[in-house]
Amino acid sequence: MDLSILSDDELFGRVEALAETERFSLTDLLVHLGELDSRPACQRRGYASVFAYLTRRLGYSECDAMRRVRSARAARKYPSILRMLAKGEIDLVSVALLQPVLASENHERLLRKACRRTTREVERMAADLLPAAQEPRDSIRALPPAP
């Protein structure tokens, strides 16, 4: 495909159209993955999970598969995510990062706050909402008897 014949305006137009098509395809994929995740279909085909199906059968990287599974689960619970993804207001990485902290009482606010934010900003948002990891405790253990 020789794209060198396109003007800059034509090239930008095509890239923007392709990005929109990609966003709609992604939302469609997430809807289907969410349904697949709700059924034992993957197990019947020999895959332990949708994640295993995505990585072993469809060739997604582990990171890409995890993002899609988390986002599909979040979108199944909070359908407004699909509209936001289709419009380009939020991205797949942000949805996957927020999925563990989304709840019925906070999802609208968090999703709006995450719109057009960087990954680092969304990581900080999610980290602020996750329970703090407990500090390791000092421990005392008995030593074996001296020889």
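The P(r) of the chain has a tail past 21 Å containing 57 percent of all C-alpha pairs. In the stretch 60-92, whose amide N lies under 16 Å from the spot 7 Å out along Cα-to-Cβ of residue 32? List them in ranges. Flagged as within label range: 60, 65, 68-69, 72-73. On full extension, the segment bounded by residue 24 and residue 11 gains 2.7 nm, given 0.36 nm per residue less the C-alpha separation. In units of the compact-protein estimate 2.2 N^0.38 Å, the stretch 69-136 shows a Cα radius of gyration of 1.09.
Summarising the overall dimensions of the stretch 19-73 from its C-alpha atoms, the Rg and Dmax are 11.1, 35 angstrom.
Treating the beta-carbon of each Lys and Arg as +1 and of each Asp and Glu as -1, no other charges, what is the dipole magnitude of the chain about its Cα centre, to the nearest 20 debye?
Computed charge dipole of the chain: roughly 860 debye.
As a fraction of the 1.4 Å probe accessible area of the chain, surface on carbon and sulfur atoms comes out at 52 percent. Highest mean packing first, where packing is the average number of other Cβ atoms within 10 Å per residue, the peptides 65-73, 2-10 line up as 65-73, 2-10.
Gain on full extension, evaluated as 0.36 nm per residue between residue 112 and residue 128 minus their Cα-Cα distance, stands at 4.1 nm.
Annotation: per residue accessible area for the stretch 21-64 equals 69 Å², rounded to a whole number [probe 1.4 Å, protein chains only]. For the chain, the longest principal axis of the C-alpha atoms and the axis of helix 119-129 are separated by about 40°.
The values are calculated or read from the model by the stated rules, or taken from the named source; none is laboratory data. Only a predicted model underlies this, so the values are computations on that prediction, with no experimental measurement involved. Because the Cβ atoms are built from the backbone with ideal geometry, glycine has one as well, and the counts that use them run over all protein chains shown. Keep in mind that these areas ignore ligands, DNA and RNA; they rest on the heavy atoms of the full protein, side chains included. Shrake-Rupley method; radii C 1.70, N 1.55, O 1.52, S 1.80 Å.
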